[in-house]
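The values are calculated or read from the model by the stated rules, or taken from the named source; none is laboratory data. What you see is a predicted model; the values in this text were computed from it and never measured. Please note: Cβ atoms are built from the backbone with ideal geometry, for glycine as well, and neighbour counts cover all protein chains shown.
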Amino acid sequence: MTARIVQITDLHLLADPLGELKGVCTRTNLQAVLDVLRRDFGSAERLIVTGDLAHDELRETYEVLRELLGDWLPKLRLIPGNHENRGFMRQVFGDRVTVVDDRNVFADAIGGWRLIGLDSQLPGEVRGQLGESQRDWLARELAAEPLRPTAVFLHHPPLKVGTGWLDEIGLEDAERLLELLRRSPQVKFVCCGHIHHEMTVAQANVLLLTTPSTSVQFLPETEMLVPDSVPPGFRIFDLEPDGSFRTRVVRVPIVTRVLP
Ligand SMILES: [Fe+2]
């Protein structure tokens, strides 16, 4: 039976309900995305959030997020981005996060697939890093079920995405992750955020998919950060038990509304 899962990323939520990032009210945008998710994709079996949850890294912001996600909580899986406070994330979403060697990860199963979430945060840095002990954990997880189709989620893309300034703040130890993925053919795709635009990159048996932010969008192939005017979005996956899958990005045009 097909399992539908949804990914949202780079929420950059702020405690201030009117707070903006690059001229975008991140809370208004997230609410619009969640409205569409509830209306059109409410039957999805998982909601995976791939980091940059709280731009201001305040506990209060995580509490706001938990409230906004509301009925999605039982289906929710979370991993950190570079804009994150791991401790507050655990305190507020403790029942939704697994802690392995001080990293916030998840290992889940649905529809004959395994879903694995990695923590690529390098505290104080924009670039990411997995570290040896987390890669060992991933290797053990992959070795435990080598025949089960698997999806890997992390914030920082492990392949170059073709935008220089973003590639410079990618995953520091990407090559070691790629070595592991290349000898794990059950991993059908790697799905990331961080670059705030949609991208598909295939390289040496690794398929990378990136997803637009729910907040501000970045124009690809620029020399520095240039906000893009395309609407925010999210990604849906339909996973088949035989390891095949379909995926697409859904955009959410924003209608300005008065916040409560
Ligand atoms: Fe981000």
With the structure loaded, tell me whether Gly193 is touching a Ser or Thr at 6+ places or on another chain (Cβ under 7 Å) and in contact (Cβ under 8 Å) with a residue 12 or more places away in the chain or whether it fails that test. yes
Taking the range 110-168 on its own, how many of its residues are surrounded by fewer than 23 Cβ atoms within 10 Å (Cβ to Cβ) and either over 30 Å from Pro241 (Cβ atoms) or within 16 Å of the ligand (Cβ to nearest atom) (or both)? 18
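Provide a single number: the residues in the range 2-24 that are among the β-branched types (Val, Ile, Thr), in a loop (DSSP other than H, G, I, E, B) and within 11 Å of Ser213 (Cα to Cα). If you could, list the steps in order and put the result at the bottom.
First, the residues of the range 2-24 that are among the β-branched types (Val, Ile, Thr): 2, 5-6, 8-9, 24.
The next check asks that each one be in a loop (DSSP other than H, G, I, E, B); those that pass are 2, 9.
Now drop any that are not within 11 Å of Ser213 (Cα to Cα), which leaves 9.
Result for the range 2-24: 1.
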Evaluate the following for Glu240: is it farther than 29 Å from Val64 by Cα, over 20 Å from the mean Cα position of the chain (by Cα) and at pLDDT 95 or above? yes
Kindly list the number of the only condition in (1) out of contact with any helix residue (DSSP H, G or I) (no Cβ under 8 Å at 6 or more places or on another chain); (2) in a helix (DSSP H, G or I); (3) away from the ligand (no atom under 16 Å from the Cβ) that fails for Val33. (3)
For residues that are within 16 Å of the ligand (Cβ to nearest atom) and part of a loop (DSSP other than H, G, I, E, B), tally how many sit in the range 186-223. 15
Find the residue count for the range 16-68, including only residues that are aliphatic (A, V, I, L, M) and touching a residue at least 60 places away in the same chain (Cβ under 8 Å). 10
Does Leu73 qualify as being closer than 27 Å to Leu14 by Cα, in contact (Cβ under 8 Å) with a residue 40 or more places away in the chain, part of a helix (DSSP H, G or I) and not charged (D, E, K, R)? no
May I ask you to list the residues in the range 36-70 that are within 16 Å of the ligand (Cβ to nearest atom), of a type outside the set (A, V, I, L, M) and part of a strand (DSSP E or B)? Thr50
Conditions (1) under 25 Å from Gly42 (Cβ atoms); (2) over 17 Å from the mean Cα position of the chain (by Cα): number failed by Pro220: (1)
